[in-house]
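S.K.: Take this structure, written in structure tokens, and hold onto it; I'll ask about it next.
The values are calculated or read from the model by the stated rules, or taken from the named source; none is laboratory data. This is a predicted model, so every value here is computed, not measured. With ideal geometry, Cβ positions are generated from the backbone for all residues, glycine too; neighbour counts draw on all protein chains shown. Surface areas here come from the heavy atoms of the whole protein model, side chains and all, with no ligands, DNA or RNA. Shrake-Rupley method; radii C 1.70, N 1.55, O 1.52, S 1.80 Å.
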Amino acid sequence: MKKLILVLAFPLIFACENDKDSAINPNSEMIQGEDSGEFPCVNAQADTLPTLDSAKALIVGKWQLKGMIARMANPEIPNYQIEFLADGGVTVTLAGKKVFSDAYSVIEETSNGYRSLKLITDSLMDLENQHNIVKGNIRICEKELMLDQGIAFDAPGYLFRKVK
């Protein structure tokens, strides 16, 4: 009986270990996501955005995708990193491989009395590249970034943490 239990439990032990390893493996295409409630700073910015100059300064650095706001629950998310350079260049990597590169701008818009900060790239009409996630309304703090590509219309929202 003990041998039967060991034989049945043995694959489960290794299955759990493999799941844990893929969550921290930088070369894995998918990683374990975080809940959108784990981003209190950007959640609090719904009505109080930073200044345009502050947002431009805060965005420079490397960001790791940690969560998504979408119609379906996403326990696993793509292993995207975005690096924004001070000179206006941006690079997106997936599992450590470069998948998109362009120039970016953070701009301010006001419509119907609502102020928003937008992230755009030179490839405004690049609808073919699925890895061009560098666009949309932004909320940004020192360690948190949200790219809202149209959450109100069932488009995704991406939640990032600053890694460098």
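S.K.: Hey, does the stretch 71-84 have a residue that's at pLDDT 95 or above, part of a strand (DSSP E or B) and open to solvent by 80 Å² or more (accessible area, probe 1.4 Å)?
M.R.: No, the conditions are met nowhere in the stretch 71-84.
S.K.: Name the one entry in D19, D53, D35 that is modelled with pLDDT of 80 or more, under 24 Å from G96 (Cα atoms) and open to solvent by 80 Å² or more (accessible area, probe 1.4 Å). Break it down into steps so the answer makes sense when it comes.
M.R.: Details: D19 fails: modelled with pLDDT of 80 or more; D53 fails: under 24 Å from G96 (Cα atoms).
The match here is D35.
S.K.: How many residues, within the stretch 56-88, are acidic (D, E) and more than 24 Å from V99 (Cβ to Cβ)? Spell out how you get there, then give the answer.
M.R.: Just the residues of the stretch 56-88 that are acidic (D, E), to begin with: 76, 83, 87.
Filter again for more than 24 Å from V99 (Cβ to Cβ), leaving none.
Total meeting the criteria: 0.
S.K.: Further question on the same structure: Restricting to the stretch 96-127, name every residue that is out of contact with any Lys or Arg (no Cβ under 9 Å at 6 or more places or on another chain), part of a loop (DSSP other than H, G, I, E, B) and either open to solvent by 80 Å² or more (accessible area, probe 1.4 Å) or in contact (Cβ under 8 Å) with a residue 40 or more places away in the chain (or both).
M.R.: Listed by number, the residues that qualify are G96, N112, D122, M125, L127.
S.K.: Looking only at the stretch 85-95, count every residue that is open to solvent by less than 60 Å² (accessible area, probe 1.4 Å) and in a loop (DSSP other than H, G, I, E, B) and tell me the total.
M.R.: Going residue by residue through the stretch 85-95, those that are open to solvent by less than 60 Å² (accessible area, probe 1.4 Å) are 88-95.
Next cut, in a loop (DSSP other than H, G, I, E, B) only: 88, 95.
Qualifying residue count, the stretch 85-95: 2.
S.K.: Further, regarding this structure: Go through (1) under 28 Å from N27 (Cβ atoms); (2) at pLDDT 95 or above and name the single condition D148 misses.
M.R.: (1)
S.K.: Continuing with this model, one more query. Cβ contacts < 8 Å: first residue closer than 20 Å to I82 by Cβ, restricted to the stretch 41-60; second residue open to solvent by less than 40 Å² (accessible area, probe 1.4 Å) and part of a loop (DSSP other than H, G, I, E, B), any location; separation 6+ or different chain. Result?
M.R.: Note: pairs meeting the criteria are C41/C141; V42/C141; Q45/C141; P50/C141; A55/L49; L58/P50; L58/C141.
S.K.: Collect the residues in the stretch 94-126 that are of a type in the set (K, R) and closer than 16 Å to D53 by Cβ, keeping them in residue-number order. Can you show your working first?
M.R.: The initial filter retains those residues of the stretch 94-126 that are of a type in the set (K, R), namely 97-98, 115, 118.
Once the filter is applied, which keeps residues that are of a type in the set (K, R) and closer than 16 Å to D53 by Cβ, the stretch 94-126 yields R115, K118.
S.K.: Here's a follow-up. Would you mind telling me which numbered condition in (1) at pLDDT 95 or above; (2) crowded, with 16+ Cβ neighbours inside 10 Å P156 fails?
M.R.: It fails just one condition, (1).
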